[in-house]
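Colleague: Structure below; questions to follow.
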Amino acid sequence: MNFLFNNIYYIGSFGLIFIGLFILMTKHNLIKMIIGLNIMDTGINLLFITIGYVRKATAPIFSKPDLNPQNMVDPVVQALILTAIVIGLAVLAMALSLSIRIYQFYGTLDIRKIKEQKW
Amino acid sequence: MRKIIAIILLFILSFAVLSSISKIPFGISKTKVGKYYINNGIEQTGAVNIVTSVVLNYRGMDTLGEVTVLFIGAIGLMAILSTITRKTEKKLTPSSSILSTGCKFLFPFILLFGSYIFLNGHLSPGGGFQGGAIIASAFLLKYLGCYEKRINEKKFKVAESLGGLVFILIGISGLIAGGYFLFNFLPKGTAGTLLSGGIIPIIYIAIGFKVGAEISGIIDNLMEES
């Protein structure tokens with residue numbers, strides 16, 4: 001129980017990553033695979049934010065002058081995740097547009113039925 | 001069968017991950033560079049929001065790369081979707097007067113909120129990317145609510161290019177004034193006021209315009225296919 005209490009955020013973020021991996025391994029529909037990739041992306045973002053978290057600390061913004069700088073969460077991971085979210089959006093948009101083209105060309109989104117994809 | 005194999009594989013993987021993850025302490029500050037940014041961020045950059053000062057000042061080059069990735073994503077999406085032959089104009093039923101009046105009423109307020117978010121990026125949570133996304137959501141509302149209006153693609157291209165150009169020009173003028181790319185050459189001002197942080201608010205305004213135009217372009221391209 002204590003183990004669960006100490007690591008609940010790690011378990012949650014890796015749970016999201018594994019859900020995404022499971023979708024990627026078992027589904028055949030391209031849209032579902034893209035959704036799985038996006039869930040993995042969310043899990044990785046949550047993992048990074050969790051690593052930077054400090055108990056009972058404030059956000060790294062000096063909105064009031066009396067805030068204690070020793071009691072703030074890590075700003076570096078938050079800046080990294082700000083980058084990662086935007087790149088995840090760009091990748092998602094590209095993948096969706098490619099799947100639109102694949103559907104118009106082959107008439108299906110099932111990767112088992114696209115013969116030219118097999119190697 | 002495939003699902004059972006996948007679940008077994010994930011269980012093995014999760015044991016491997018858990019044995020290493022449980023050694024990482026949770027809820028304790030771990031890095032020294034984060035402490036350095038928090039202790040010296042205000043006097044070195046003039047921005048109250050430390051995340052903003054990391055994104056735009058200490059790691060401004062990374063943000064330029066990130067903006068480039070988003071730009072390439074939008075361009076690639078446009079290139080992929082532009083080869084499709086357009087279908088004949090669909091017959092659209094005009095939206096009811098309550099819906100169209102509502103979205104016309106809400107549209108300027110959402111734009112105002114988005115510009116507030118990216119103007120206050122160095123003072124409060126927010127910034128160019130978030131403000132740009134909110135502005136794009138205003139255009140999404142316009143697409144969903146009053147369907148007959150399309151955005152003017154040329155003006156959006158101009159806004160997007162100007163945003164990227166301002167970012168790079170400020171970086172190069174920092175190179176001329178101070179010796180390295182994205183040098184904070186403007187006066188830093190008193191921390192906590194709107195006119196502080198040197199080049200940070202200007203870059204965030206540029207990024208706000210750029211991201212808003214790009215995400216609106218992505219929405220526009222994807223809506224045309226549906």
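The values are calculated or read from the model by the stated rules, or taken from the named source; none is laboratory data. All figures in this text were calculated on a predicted structure; none of them were measured in a lab. Every residue, glycine as well, gets a Cβ built from its backbone with ideal geometry; the counts of neighbours run over all protein chains shown. Keep in mind that these areas ignore ligands, DNA and RNA; they rest on the heavy atoms of the full protein, side chains included. Shrake-Rupley method; radii C 1.70, N 1.55, O 1.52, S 1.80 Å.
Colleague: Residue under question is B:Phe15, and the condition is that it be open to solvent by 60 Å² or more (accessible area, probe 1.4 Å), farther than 30 Å from B:Lys188 by Cβ and at pLDDT 85 or above; does it hold? If you could, list the steps in order and put the result at the bottom.
Modeller: Numbers: open to solvent by 60 Å² or more (accessible area, probe 1.4 Å): yes; farther than 30 Å from B:Lys188 by Cβ: yes; at pLDDT 85 or above: yes.
Yes, satisfied.
Colleague: Of all residues being open to solvent by less than 20 Å² (accessible area, probe 1.4 Å) and not aliphatic (A, V, I, L, M) in the stretch B:212-226, which is nearest to B:Pro125 (Cα to Cα)? Just the residue, please.
Modeller: The residue in question is B:Gly212.
Colleague: On to the next question. Evaluate the stretch A:43-56: report whether one residue or more is assigned to a helix (DSSP H, G or I) and within 24 Å of B:Glu224 (Cβ to Cβ). Spell out how you get there, then give the answer.
Modeller: Step one: of the stretch A:43-56, the residues assigned to a helix (DSSP H, G or I) are A:43-52.
Add one more test, that the residue is within 24 Å of B:Glu224 (Cβ to Cβ), and what stays is none.
No, the conditions are met nowhere in the stretch A:43-56.
Colleague: Of B:Thr85, B:Thr101, B:Thr68, B:Thr93, which residue is modelled with pLDDT of 90 or more, open to solvent by 30 Å² or more (accessible area, probe 1.4 Å) and either more than 7 Å from every other protein chain (Cβ to nearest Cβ) or assigned to a helix (DSSP H, G or I) (or both)? Give the derivation first.
Modeller: Details: B:Thr85 fails: modelled with pLDDT of 90 or more; B:Thr101 fails: modelled with pLDDT of 90 or more; B:Thr93 fails: modelled with pLDDT of 90 or more.
One residue alone meets the criteria, B:Thr68.
Colleague: Tell me, which helices (runs of 4 or more DSSP H) lie completely within the stretch B:1-60 with 3 or more residues that are more than 7 Å from every other protein chain (Cβ to nearest Cβ) and either under 16 Å from B:Gly198 (Cα atoms) or of a type outside the set (A, V, I, L, M) (or both)? Break it down stepwise before answering.
Modeller: Working: elements: B:2-21, B:32-45, B:50-53.
In the stretch B:1-60, B:2-21, B:32-45 are the helices (runs of 4 or more DSSP H) which contain 3 or more residues that are more than 7 Å from every other protein chain (Cβ to nearest Cβ) and either under 16 Å from B:Gly198 (Cα atoms) or of a type outside the set (A, V, I, L, M) (or both).
Colleague: Please pick out the residue among B:Ile38, B:Ile50 that is in contact with a Phe, Trp or Tyr (Cβ under 6 Å, 6 or more places away or on another chain), within 30 Å of B:Leu119 (Cβ to Cβ), open to solvent by less than 20 Å² (accessible area, probe 1.4 Å) and at pLDDT 85 or above.
Modeller: Working: B:Ile38 fails: in contact with a Phe, Trp or Tyr (Cβ under 6 Å, 6 or more places away or on another chain).
Matching residue, one of B:Ile38, B:Ile50: B:Ile50.
Colleague: Would you please name the residue that is farthest from the other protein chains (Cβ to nearest Cβ), looking only at residues in the stretch A:44-64 that are of a type in the set (A, V, I, L, M) and under 28 Å from B:Gly192 (Cβ atoms)? Working first, answer last.
Modeller: We begin by selecting, within the stretch A:44-64, every residue of a type in the set (A, V, I, L, M); these are A:44, A:46-47, A:49, A:51, A:54, A:57, A:59, A:61.
With the extra rule that they be under 28 Å from B:Gly192 (Cβ atoms), the set shrinks to A:49, A:54, A:57, A:59, A:61.
Numbers: A:Ile49: 12, A:Val54: 5, A:Ala57: 8, A:Ala59: 7, A:Ile61: 5 Å.
Selected residue: A:Ile49.
Colleague: What residue, of A:Ala79, A:Ala93, is touching a Lys or Arg at 6+ places or on another chain (Cβ under 8 Å), facing chain B (nearest Cβ under 8 Å), open to solvent by less than 40 Å² (accessible area, probe 1.4 Å) and at negative phi?
Modeller: On the way: A:Ala93 fails: touching a Lys or Arg at 6+ places or on another chain (Cβ under 8 Å).
Unique residue meeting the criteria: A:Ala79.
Colleague: Open to solvent by 30 Å² or more (accessible area, probe 1.4 Å) and touching a Leu at 6+ places or on another chain (Cβ under 8 Å): which single residue out of B:Phe209, B:Phe156 fits that description? Walk me through it before giving the result.
Modeller: On the way: B:Phe156 fails: touching a Leu at 6+ places or on another chain (Cβ under 8 Å).
Going through B:Phe209, B:Phe156 in turn, the sole match is B:Phe209.
Colleague: Would you pick out the residues in the stretch A:1-43 that are open to solvent by less than 40 Å² (accessible area, probe 1.4 Å), touching a residue at least 40 places away in the same chain (Cβ under 8 Å) and facing chain B (nearest Cβ under 9 Å)?
Modeller: The answer is A:Tyr10, and nothing else.
Colleague: If you don't mind, another one. Identify all residues within the stretch B:168-203 that are within 12 Å of another protein chain (Cβ to nearest Cβ) and open to solvent by less than 60 Å² (accessible area, probe 1.4 Å); write none if there are none.
Modeller: Pass one, the stretch B:168-203, residues within 12 Å of another protein chain (Cβ to nearest Cβ): B:190-192, B:196.
Residues satisfying the conditions are B:Ala191, B:Gly192, B:Ser196.
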